[in-house]
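Please read the structure below before turning to the comments.
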Amino acid sequence: MAITLTENAARRVQTFLAKRAAVGLRLAVKTSGCSGMAYALEFADAAGQDDLHFESRGVTLLIDPKSLPYLDGTELDFVREGLNEGFKFNNPNVKNQCGCGESFAV
């Protein structure tokens, strides 16, 4: 099982981690939206007892065991499209996505 970051995402995350003195980036899924699940992304000041640890391009990724099956194989990217910029989840497990792109189903 693996979760990876692109170079753009790793650079962006490392900038934020340095400013916050956080230990890593926490990725999760939660029940939400019209398709059933949504991504949760936050900077972690401490690792949880049950967190699984992954390393990608020098960034520690923390994932709870329940989210891992939904995120396995995901690549996190940071993209700029016109005036918009943000993180993009390239998740091979997604079978359906809502029209606004905020939620997904596997």
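The values are calculated or read from the model by the stated rules, or taken from the named source; none is laboratory data. Fair warning: this is a prediction, and the values are worked out from it, not measured in the lab. A quick note on method: Cβ atoms are made from the backbone with ideal geometry, for glycine too, and the neighbour counts reach across all protein chains shown.
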Output for the range 65-89, where each listed residue is touching a Pro at 6+ places or on another chain (Cβ under 8 Å) and surrounded by fewer than 17 Cβ atoms within 10 Å (Cβ to Cβ): GLY73
Wholly within the range 32-92, which strands (runs of 3 or more DSSP E) include no fewer than the required count, namely at least 1 residues that are over 19 Å from ASN8 (Cβ atoms)? 36-44, 52-56, 59-63
Hey, among the residues in the range 31-42 that are on the phi < 0 side of the Ramachandran plot and touching a Phe, Trp or Tyr at 6+ places or on another chain (Cβ under 8 Å), which one's surrounded by the fewest Cβ atoms within 10 Å (Cβ to Cβ)? LEU41
Filter the range 1-21 for residues that are modelled with pLDDT under 90 and assigned to a loop (DSSP other than H, G, I, E, B); the one that is farthest from PRO69 (Cα to Cα) is ALA21
For the range 59-83, which residues satisfy the criterion of being over 11 Å from the mean Cα position of the chain (by Cα), free of Cβ contacts under 8 Å to residues at least 40 places away in the same chain and farther than 18 Å from VAL106 by Cα? THR60, ARG80, GLU81, GLY82, LEU83
With the checklist (1) closer than 13 Å to LEU76 by Cβ; (2) of a type in the set (A, V, I, L, M); (3) modelled with pLDDT under 95 in hand, flag the one item VAL59 doesn't pass. (3)
GLU85 out of contact with any helix residue (DSSP H, G or I) (no Cβ under 7 Å at 6 or more places or on another chain) and modelled with pLDDT under 90: no
Looking at (1) within 11 Å of the chain's Cα centre (by Cα); (2) at pLDDT below 95; (3) not charged (D, E, K, R), can you tell me which one GLY33 breaks? (1)
For the range 49-82, how many residues meet the condition of being of a type in the set (Gly, Ala, Ser) and in contact with a helix residue (DSSP H, G or I) (Cβ under 9 Å, 6 or more places away or on another chain)? 2
Pairs please, first residue from the range 3-20 and touching a residue at least 12 places away in the same chain (Cβ under 8 Å), second anywhere and assigned to a helix (DSSP H, G or I), Cβ atoms under 7 Å, 6+ apart in sequence or on different chains. ILE3/LEU71; LEU5/VAL13
